[in-house]
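**Q** What follows is a single structure, and I will ask about it in a moment.
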Amino acid sequence: MSIEALSPVFSTDPQGDRFCTTSQGRRSLEQLGARLAGSQSLVGLYVTESAEPDYAPDPAQHGRVVALVRTLPMPQQHTVQDYPSGCMEFRGGKLADRWPVGWPSETVFFSPHGGPVLRDAVALALHSYDFAGFAGQFLQGPIDLGRIPGLGDRLMIEVRYELARNPAAQIRPF
């Protein structure tokens, strides 16, 4: 089992049953979901550093990979449009879901304050301090870590440290 992708979120909880992205990230989400669905591979859910307080009121979560989820197979007759975030905003004169497409998942790890700080993991694994450049990729949906050697491994090391410190962070075996 390994962390194969990262997906930005404003917040999540251990009972979450999906992870979502913007309309621009639909293609990336569909490709990732199709590849990982039903496997033991994991997706890290990253609470953005700039999450607005209305959506992520706990600033201690900002910038952290707070959860790992396993992608589930997409049910028959369903699409990513059947899994919106429910994160509503006023846009164009009406309420619209901010992250309207999603993929079904189950949470296996949840630690709102002890999960890896993504900025630090990027610096350690990639020897890069251009976090803004890295994080900009999230505008196109989940980031496939298959093309970024070492980052998934670094994140998994930090998740295992957190599990040793806080075994309750493991929600399901992985």
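**Q** Looking only at the range 41-59, how many residues end up being in contact with a helix residue (DSSP H, G or I) (Cβ under 9 Å, 6 or more places away or on another chain) and either under 18 Å from Ile3 (Cα atoms) or touching a residue at least 24 places away in the same chain (Cβ under 8 Å) (or both)?
**A** Here the count works out to 9.
**Q** Report, ordered by the first and then the second residue, all pairs with beta carbons closer than 6 Å, sequence separation of six or more or different chains, a first member in the range 148-161 that is over 13 Å from Ala67 (Cα atoms) and surrounded by 16 or more Cβ atoms within 10 Å (Cβ to Cβ), and a second member that is at pLDDT 95 or above and among the aliphatic types (A, V, I, L, M).
**A** Leu151/Ala125; Leu151/Leu145; Gly152/Ile3; Gly152/Leu145; Arg154/Ala121; Arg154/Leu124; Arg154/Ala125
**Q** Check whether at least one residue in the range 72-84 is open to solvent by less than 10 Å² (accessible area, probe 1.4 Å) and under 26 Å from Val117 (Cβ atoms), and report yes or no.
**A** Taking every residue of the range 72-84 in turn, none turns out to be open to solvent by less than 10 Å² (accessible area, probe 1.4 Å) and under 26 Å from Val117 (Cβ atoms).
To keep it simple, each residue is scored yes or no on (1) small (Gly, Ala, Ser); (2) farther than 12 Å from Gly44 by Cα; (3) touching a helix residue (DSSP H, G or I) at 6+ places or on another chain (Cβ under 9 Å).
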| site | (1), (2), (3) |
| --- | --- |
| Ser85 | yes, yes, no |
| Leu95 | no, yes, no |
| His127 | no, yes, no |
| Ala135 | yes, yes, yes |
| Gly146 | yes, yes, yes |
| Met156 | no, no, no |
| Pro173 | no, yes, no |
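**Q** Something else about it: For residues that are in contact with a helix residue (DSSP H, G or I) (Cβ under 9 Å, 6 or more places away or on another chain) and more than 17 Å from Leu151 (Cβ to Cβ), scanning just the range 60-71, find the one that is surrounded by the fewest Cβ atoms within 10 Å (Cβ to Cβ).
**A** So the residue we want is Arg70.
**Q** Here is a further query. Take the residues in the range 1-40 that are over 19 Å from Ser85 (Cα atoms) and touching a helix residue (DSSP H, G or I) at 6+ places or on another chain (Cβ under 8 Å), then tell me which one is least open to solvent (accessible area, probe 1.4 Å).
**A** Among those that are over 19 Å from Ser85 (Cα atoms) and touching a helix residue (DSSP H, G or I) at 6+ places or on another chain (Cβ under 8 Å), it is Ile3.
**Q** Out of (1) open to solvent by less than 60 Å² (accessible area, probe 1.4 Å); (2) closer than 14 Å to Val108 by Cβ, what's the single condition that is false for Thr48?
**A** (2)
**Q** Restricting attention to the range 63-86, does a residue exist that is more than 15 Å from Gly16 (Cα to Cα), at pLDDT below 95, in contact with a Pro (Cβ under 8 Å, 6 or more places away or on another chain) and not hydroxyl-bearing (Ser, Thr, Tyr)?
**A** Scanning the range 63-86, I find no residue that is more than 15 Å from Gly16 (Cα to Cα), at pLDDT below 95, in contact with a Pro (Cβ under 8 Å, 6 or more places away or on another chain) and not hydroxyl-bearing (Ser, Thr, Tyr), so the answer is no.
The values are calculated or read from the model by the stated rules, or taken from the named source; none is laboratory data. Given the structure is predicted, the values throughout are model-derived calculations rather than measurements. Quick reminder, even Gly has a Cβ in these numbers, built from the backbone with ideal geometry, and neighbours come from all protein chains shown. With ligands, DNA and RNA removed, areas are computed over all heavy atoms of the protein, side chains included. Shrake-Rupley method; radii C 1.70, N 1.55, O 1.52, S 1.80 Å.
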